[in-house]
Amino acid sequence: YNIREQLEKLGAKGNRLSVGVAVPIVGEPDKLVIGTGSHVATFDPTTGEVEFKNEFQDGKDQTCYNDGKCDPSGRFWVGSMGVEKDAKVDDPEAGNLYLVDKGFAAPQVKDSKHTISNGLAWSADKKTLYYIDSIPGAIYVFEYDDITGCISNKKTLFDTTKLDVGFPDGMAIDTLGRLWVAGYFSSAVHCFDPTCPSEPPVSVPIPGARCITSCCFGGKNLDELYVTSSCKNDLDSENGGKLFRITGIDATGTLGQCYAG
């Protein structure tokens, strides 16, 4: 299905025709919750049907949802960004980090002044949230309360502008608590250890693709890394825009959380 056509029928325009994130819904195997434009919506891949559920109101015409993920309790966290043109964002710090609670509740702003909201991950003990803003290249860490969904005590854990890792993009976490971060413009995924913030990351090269966008663990034992890339800003690369499966990485991931609905 051409989801763009469905969004146009619902009145979406311009920068808000994008889909930044899709997550399964508990008890509804045929539907996904998506962040698209300024809306959280459901999408049925079997019929192509899109149903808007709620919309953020930030007073800006072209900000849109980008990356997102569900927390350990099944709440949907999704970040927004400003208009992107020629690999630059025209409206810096226009994005927010939103929480959409169960029942498709209205989006709550949990953190603000972000340029390109990206990867999210939670620690196994449910006490820490990691969050990426691609510009200024920061991997933040928050104290997290899984009962209330509150975050506090924000700190910059890694300043990637001091490292040769491109722009940090999507992110996954393994069973040892290490962060696997897609490096846009770096041709690699980079593994950061939050317990050793002064140590450089270990990089896994992705041959022939420059703009690496996200990653997640998969396979029977969750010991394979699935990596996405973009051909946007990367038209000359041999493998830009392809999906990769990386094996032999000596790491095991965790299952992603579905939206509690």
Before we move on, is Leu32 modelled with pLDDT of 95 or more and open to solvent by less than 60 Å² (accessible area, probe 1.4 Å)?
yes
Inside region 136-154, can you point out the residues that are of a type in the set (D, E, K, R) and either open to solvent by 70 Å² or more (accessible area, probe 1.4 Å) or modelled with pLDDT under 95 (or both)?
Glu143, Lys154
Out of Asp90, Asp71, Asp44, Asp86, I need the residue that is at pLDDT below 85, acidic (Asp, Glu) and farther than 16 Å from His114 by Cβ. Which one?
Asp86
Hey, among Gly27, Gly59, Gly95, which residue is open to solvent by 50 Å² or more (accessible area, probe 1.4 Å) and at pLDDT 90 or above?
Gly27
Restricting to region 113-127, give me the number of residues that are of a type outside the set (Gly, Ala, Ser) and open to solvent by 30 Å² or more (accessible area, probe 1.4 Å).
4
Please give the number of the condition Arg210 fails out of (1) farther than 19 Å from Leu163 by Cα; (2) open to solvent by 70 Å² or more (accessible area, probe 1.4 Å); (3) modelled with pLDDT under 95.
(1)
Given the structure, is His114 over 13 Å from the mean Cα position of the chain (by Cα) and within 24 Å of Ile34 (Cβ to Cβ)?
yes
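The rows are residues; the columns are (1) out of contact with any Gly (no Cβ under 9 Å at 6 or more places or on another chain); (2) assigned to a loop (DSSP other than H, G, I, E, B); (3) farther than 29 Å from Ala41 by Cα.
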{"position": "Ser203", "(1), (2), (3)": "no, no, yes"}
{"position": "Pro207", "(1), (2), (3)": "yes, yes, yes"}
{"position": "Cys215", "(1), (2), (3)": "no, no, no"}
{"position": "Leu225", "(1), (2), (3)": "no, no, no"}
{"position": "Thr228", "(1), (2), (3)": "no, no, no"}
{"position": "Lys232", "(1), (2), (3)": "no, yes, no"}
{"position": "Ser237", "(1), (2), (3)": "no, yes, yes"}
{"position": "Gly241", "(1), (2), (3)": "yes, yes, no"}
{"position": "Ile249", "(1), (2), (3)": "yes, yes, yes"}
Options Glu84, Glu93, Glu55; residue that is under 20 Å from Lys232 (Cα atoms), under 19 Å from the mean Cα position of the chain (by Cα) and not polar (S, T, N, Q)
Glu84
Residue match in region 103-112 (condition: basic (Lys, Arg), in contact (Cβ under 8 Å) with a residue 24 or more places away in the chain, within 25 Å of Gly261 (Cα to Cα) and crowded, with 17+ Cβ neighbours inside 10 Å)
yes
Out of the residues in region 226-261 that are small (Gly, Ala, Ser) and closer than 13 Å to Ser187 by Cα, which is surrounded by the fewest Cβ atoms within 10 Å (Cβ to Cβ)?
Gly241
Kindly check whether there is at least one residue in region 176-195 that is outside any loop (DSSP other than H, G, I, E, B), free of Cβ contacts under 8 Å to residues at least 40 places away in the same chain and open to solvent by 10 Å² or more (accessible area, probe 1.4 Å).
no
Kindly establish whether Asp223 is open to solvent by 30 Å² or more (accessible area, probe 1.4 Å), farther than 22 Å from Ser117 by Cβ and either acidic (Asp, Glu) or in contact with a Lys or Arg (Cβ under 7 Å, 6 or more places away or on another chain) (or both).
yes
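The values are calculated or read from the model by the stated rules, or taken from the named source; none is laboratory data. These numbers were taken from a predicted model, which means no experiment stands behind them. Virtual Cβ from ideal backbone geometry, glycine too; neighbours counted across all protein chains shown. Accessible surface areas use protein heavy atoms only, side chains included; no ligands, DNA or RNA. Shrake-Rupley method; radii C 1.70, N 1.55, O 1.52, S 1.80 Å.
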